[in-house]
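Okay, so here's the structure we're looking at.
The values are calculated or read from the model by the stated rules, or taken from the named source; none is laboratory data. Being a predicted model, the structure only gives us computed values, none of them experimental. Note: ideal-geometry Cβ built from the backbone for every residue, glycine included; neighbour counts use all protein chains shown. In case anyone asks, the SASA skips ligands and DNA or RNA and just uses the protein heavy atoms, side chains included. Shrake-Rupley method; radii C 1.70, N 1.55, O 1.52, S 1.80 Å.
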Amino acid sequence: MEKNLNEIAELTGGTLSGDGAIKISGLSNITMARAGDLTFAVPPHLDEAKTCAASAVLIPLETQDFPKPAVRVRDPRAAFAMLLELFTPKLDLPVGISPKAHIGKDVKIGGDVTIMPFAAVDDYAEIQRGAIIYPHVYIGQHAAIGEDTIVYSSATVREFCKVGKRCVIHSSAVIGSDGFGFTTSNGVHTKVPQVGNVVIEDDVEIGAHVGIDRAAMGSTIIGHGTKIDNLVHIAHNCKIGANCLIVAQTGISGSTTVGDNVTFGGQVGTVGHITIGSNSVYAARSGISKSMPEGFFGCGFPIQSHNDWLKHQAALKKVPDLLEKVRKLEQIIETLTKT
């Protein structure tokens with residue numbers, strides 16, 4: 001793939017600065033870029049980009065006095081992501097069903113579907129148009145995979161679960177594992193049947209080794225456009241809103257309702273049966289132990305506002321000095337009481 005800067009500017013809707021005939025044959029980050037590469041830069045990395053080896057740089061519209069050939073765009077990150085998709089070589093995946101795949105009885109398969117060797121699609125399942133099923137995937141009975149969805153190797157979509165259009169399910173994710181439900185009597189744990197399912201709405205991406213439990217009854221729901229990182233656990237009967245971001249090692253306990261546009265940093269944990277309001281952000285390793293309002297920026301355990309957390313962290317740094325002062329005061333008091 002090769003484009004000149006004029007073509008890059010046209011593709012990104014940007015404004016060219018410099019020689020439009022410069023050839024771009026690759027994309028790279030600032031530190032790894034070489035001649036022929038295009039990179040992007042936003043504050044505070046603009047000065048670094050001025051001296052990098054890239055042939056040209058995508059920069060924000062308002063950037064002034066930039067010495068290298070550049071394309072000014074409204075959002076350099078988004079423009080660079082679009083170009084990455086263009087420059088990335090497409091995989092050669094033959095359309096059709098491999099004779100080495102297992103297809104159960106009464107399976108519905110749409111047009112232009114790819115099902116690779118050693119995938120298993122169980123009875124009564126449905127694979128809609130344009131879906132791609134990689135080797136060693138298991139699609140359970142009565143499950144449904146939506147149009148243009150990709151399911152990577154060793155992922156499992158269990159019985160009765162529904163996956164929407166244009167979703168991506170990465171390797172070893174499990175959709176519809178049993179919820180963690182048991183009764184205990186006389187020290188014996190007895191399993192409660194988990195008879196619900198999981199519903200994944202459109203344009204969701206699910207990372208590797210994610211576990212999303214089926215509902216005890218009803219549905220565990222992942223809202224459209226939500227993106228889930230690797231190694232996340234979402235328990236039974238959770239309802240996750242639209243366009244959420246859930247970062248690695250987060251655990252969301254059962255029957256938690258999460259609003260739209262919520263971001264969970266890495267290793268966030270919640271108790272169950274709470275509601276977390278929309279348009280909120282929770283920093284890494286936050287512990288959410290109660291229902292939370294909309295528009296909240298939370299940190300720490302127990303959960304608190306980001307501003308309060310910063311104050312507490314600043315105060316904690318003063319504790320050693322305060323302890324030293326207290327010891328000295330105790331010594332003075334002890335001396336005074338002896339005289």
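The strands (runs of 3 or more DSSP E) falling completely within the range 87-197 that include 2 or more residues that are surrounded by fewer than 17 Cβ atoms within 10 Å (Cβ to Cβ) and either in contact with a Lys or Arg (Cβ under 8 Å, 6 or more places away or on another chain) or modelled with pLDDT of 95 or more (or both) map to 182-185, 188-191.
Filtering the range 1-11 to residues that are surrounded by fewer than 16 Cβ atoms within 10 Å (Cβ to Cβ) and within 11 Å of residue 82 (Cβ to Cβ) leaves only 11. Does residue 42 satisfy being touching a Lys or Arg at 6+ places or on another chain (Cβ under 8 Å) and in contact (Cβ under 8 Å) with a residue 12 or more places away in the chain? Taking the combined requirement at face value, the residue satisfies it. If the condition is being within 12 Å of residue 66 (Cβ to Cβ) and assigned to a loop (DSSP other than H, G, I, E, B), then the range 24-51 contributes 41, 51. Of the set (1) within 23 Å of residue 89 (Cα to Cα); (2) touching a residue at least 60 places away in the same chain (Cβ under 8 Å); (3) buried (at least 17 other Cβ atoms within 10 Å of the Cβ), all apply to residue 14 but (1).
Residues in the range 21-38 that are free of Cβ contacts under 8 Å to residues at least 24 places away in the same chain and either crowded, with 16+ Cβ neighbours inside 10 Å or hydroxyl-bearing (Ser, Thr, Tyr) (or both): 31, 33, 36, 37. Taking each residue of the range 241-257 that is free of Cβ contacts under 8 Å to residues at least 40 places away in the same chain and under 14 Å from residue 215 (Cβ atoms) and looking for partners that are open to solvent by 30 Å² or more (accessible area, probe 1.4 Å) and part of a loop (DSSP other than H, G, I, E, B) with beta-carbon atoms closer than 6 Å, six or more apart or interchain, yields 253/271; 255/237; 255/273. Pull up the range 264-279, narrow it to residues that are of a type in the set (A, V, I, L, M, F, W, C) and within 14 Å of residue 240 (Cβ to Cβ), then point me to the one that is surrounded by the fewest Cβ atoms within 10 Å (Cβ to Cβ). Checked the range 264-279; the qualifying residue surrounded by the fewest Cβ atoms within 10 Å (Cβ to Cβ) is 274. The condition of being open to solvent by 90 Å² or more (accessible area, probe 1.4 Å) and in contact with a strand residue (DSSP E or B) (Cβ under 8 Å, 6 or more places away or on another chain) holds for only one of 77, 72, that being 77.
Contact annotation: residue pairs with Cβ atoms under 7 Å, 6 or more positions apart or on different chains, pairing a residue in the range 83-102 that is in contact (Cβ under 8 Å) with a residue 12 or more places away in the chain with a partner that is acidic (Asp, Glu) and surrounded by 11 or more Cβ atoms within 10 Å (Cβ to Cβ), are 95/112.
Suppose we filter the range 198-234 for residues that are basic (Lys, Arg) and in a loop (DSSP other than H, G, I, E, B); how many remain?
Final tally of qualifying residues: 1.
Could you say whether any residue in the range 237-246 is open to solvent by 60 Å² or more (accessible area, probe 1.4 Å) and of a type in the set (A, V, I, L, M)? Within the range 237-246, one or more residues are open to solvent by 60 Å² or more (accessible area, probe 1.4 Å) and of a type in the set (A, V, I, L, M). On the given criteria, is residue 261 of a type outside the set (Asp, Glu), assigned to a loop (DSSP other than H, G, I, E, B), open to solvent by 60 Å² or more (accessible area, probe 1.4 Å) and closer than 26 Å to residue 164 by Cα? So residue 261 fits the description; yes.
Among the residues of the range 288-303, just one is surrounded by fewer than 16 Cβ atoms within 10 Å (Cβ to Cβ) and within 14 Å of residue 267 (Cβ to Cβ), namely 301. Annotation note: of 336, 322, the sole residue that is at pLDDT 90 or above, assigned to a helix (DSSP H, G or I) and open to solvent by 60 Å² or more (accessible area, probe 1.4 Å) is 322.
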